[in-house]
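The values are calculated or read from the model by the stated rules, or taken from the named source; none is laboratory data. This structure is a prediction, so every number in the text was calculated from the model and none was measured. Please note: Cβ atoms are built from the backbone with ideal geometry, for glycine as well, and neighbour counts cover all protein chains shown.
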């Protein structure tokens with residue numbers, strides 16, 4: 001679950017991380033009232049769960065009530081990367097002497113959290129990593145031990161942080177790790193982390209992604225989900241218990257098992273196609289789940305073809321075939337369809353499909369190549 005910036009800052013405050021104060025507005029008049037209470041200048045920030053707000057015009061400074069109202073009116077209703085702006089964060093503008101990046105995420109290859117720091121804050125960290133890899137510093141954190149003082153100290157020395165600031169930075173590193181573990185996050189970022197002229201470190205932005213599986217243990221945080229920011233497909237999949245991620249391509253992908261679906265995405269992309277989604281129906285899916293998965297994927301107007309890649313283990317190929325046939329009839333789909341079906345009850349599944357004029361392939365690469373060609 002992604003959190004809005006104002007929600008992430010609330011969690012930062014709970015673990016003692018300083019933020020520039022602000023409140024949420026849903027109208028220009030409310031934004032003006034908040035700005036008057038905070039004092040000028042203020043920064044007005046679109047609250048959407050996508051990056052690139054600044055480049056899209058969703059972050060503006062205002063130095064007066066009139067300017068606040070005008071900027072808020074411009075930003076509200078904007079569409080940034082497909083997400084409509086319904087809320088604004090109006091915050092006290094921070095004086096910034098230098099910007100840093102600080103984040104923690106999971107390194108799945110190492111099966112450990114990794115803490116990442118850069119003196120080149122304010123930019124997308126991916127771009128910094130490409131253009132200036134020497135400006136990225138990191139260390140892995142043992143999940144049973146937490147960050148050791150010597151790890152933080154060594155990183156700060158390598159990054160060239162002034163000795164007079166190292167104690168403050170070290171404290172912040174530990175507080176961010178506390179937020180990461182306490183709220184069971186997959187990612188926590190401060191970008192930019194501002195050093196003020198007075199020598200204070202202030203989080204002027206917040207990015208939080210919380211593990212969905214942790215939500216039942218996190219009480220009130222489960223109610224923080226912004227359903228309005230989800231696509232209709234993402235909302236329907238979540239309600240149906242399916243794992244779905246919207247992508248920006250035109251080839252719908254359905255498979256059973258996260259690893260198989262990821263491999264399918266990679267193969268389709270390698271062959272020149274553009275996946276429209278990730279959808280994992282999981283193990284042991286029944287016909288009704290297959291039908292729901294097709295309904296979700298085909299409801300995306302970007303989808304111009306569908307690749308269903310099933311390796312039957314717990315999942316039975318005949319159940320998949322029945323669900324596919326029923327859904328295809330019900331939805332009256334006319335798109336190109338490629339099915340790879342192999343494993344448990346494969347022959348029964350193939351017979352069901354072939355009776356409906358659908359000829360499944362046996363190899364994943366063959367199926368990926370065929371759907372790419374058909375969509376072209």
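Computed values, structure above
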| item | result |
| --- | --- |
| Among the candidates 17, 34, residue that is closer than 30 Å to residue 212 by Cβ, touching a strand residue (DSSP E or B) at 6+ places or on another chain (Cβ under 7 Å), buried (at least 19 other Cβ atoms within 10 Å of the Cβ) and modelled with pLDDT of 95 or more | 17 |
| Candidates 68, 105, filtered to the one that is farther than 26 Å from residue 186 by Cα and not in a loop (DSSP other than H, G, I, E, B) | 68 |
| The stretch 83-100, residues that are over 22 Å from residue 32 (Cβ atoms) and in a strand (DSSP E or B) | 83, 98, 99, 100 |
| The stretch 237-289 - residue that is touching a strand residue (DSSP E or B) at 6+ places or on another chain (Cβ under 8 Å) and closer than 21 Å to residue 329 by Cα and, of those, modelled with the lowest pLDDT | 237 |
| Residues of the stretch 338-373 that turn out to be out of contact with any helix residue (DSSP H, G or I) (no Cβ under 9 Å at 6 or more places or on another chain) and surrounded by fewer than 17 Cβ atoms within 10 Å (Cβ to Cβ), as a count | 5 |
| The stretch 308-326: number of residues that are within 18 Å of residue 259 (Cβ to Cβ), modelled with pLDDT of 85 or more and buried (at least 21 other Cβ atoms within 10 Å of the Cβ) | 4 |
| Among residues of the stretch 145-161, those that are in a helix (DSSP H, G or I) and under 29 Å from the mean Cα position of the chain (by Cα), counted | 4 |
| Residue among 53, 74, 69 that is crowded, with 17+ Cβ neighbours inside 10 Å and at pLDDT 95 or above | 69 |
| Answer from 198, 206, 194 - the residue that is closer than 27 Å to residue 20 by Cα and in contact with a strand residue (DSSP E or B) (Cβ under 6 Å, 6 or more places away or on another chain) | 194 |
| Evaluation of residue 224 against (1) without any contact (Cβ under 8 Å) to a residue 40 or more places away in the chain; (2) within 30 Å of residue 182 (Cβ to Cβ); (3) in contact with a helix residue (DSSP H, G or I) (Cβ under 6 Å, 6 or more places away or on another chain) (one fails), failing number | (1) |
| Filter result for residue 149 (more than 20 Å from residue 198 (Cβ to Cβ), loosely packed, with under 11 Cβ neighbours inside 10 Å and in the same structural domain as residue 214 (by TED's automatic domain parsing)) | yes |
| Considering residues of the stretch 152-181 that are surrounded by 21 or more Cβ atoms within 10 Å (Cβ to Cβ) and free of Cβ contacts under 8 Å to residues at least 40 places away in the same chain only, the residue farthest from residue 18 (Cα to Cα) | 152 |
| Unique residue being farther than 23 Å from residue 108 by Cα and surrounded by 23 or more Cβ atoms within 10 Å (Cβ to Cβ) when the list is 273, 249, 241, 255 | 273 |
| Residue pairs meeting the criteria (Cβ under 8 Å; at least 6 apart or on separate chains; first under 15 Å from residue 250 (Cβ atoms), in the stretch 351-376; second in a helix (DSSP H, G or I)) | 368/264; 368/267; 368/268; 371/268; 372/268 |
| Any hit, the stretch 182-200, residues being in contact (Cβ under 8 Å) with a residue 40 or more places away in the chain, assigned to a loop (DSSP other than H, G, I, E, B) and within 19 Å of residue 245 (Cα to Cα) | no |
| Looking only at the stretch 112-128, and only at residues there that are surrounded by 15 or more Cβ atoms within 10 Å (Cβ to Cβ) and not in a strand (DSSP E or B), the one that is nearest to the chain's Cα centre (by Cα) | 125 |
| Subset of the stretch 299-316 (residues that are within 21 Å of residue 373 (Cβ to Cβ) and not in a loop (DSSP other than H, G, I, E, B)) | 305, 306, 307, 308, 309, 310 |
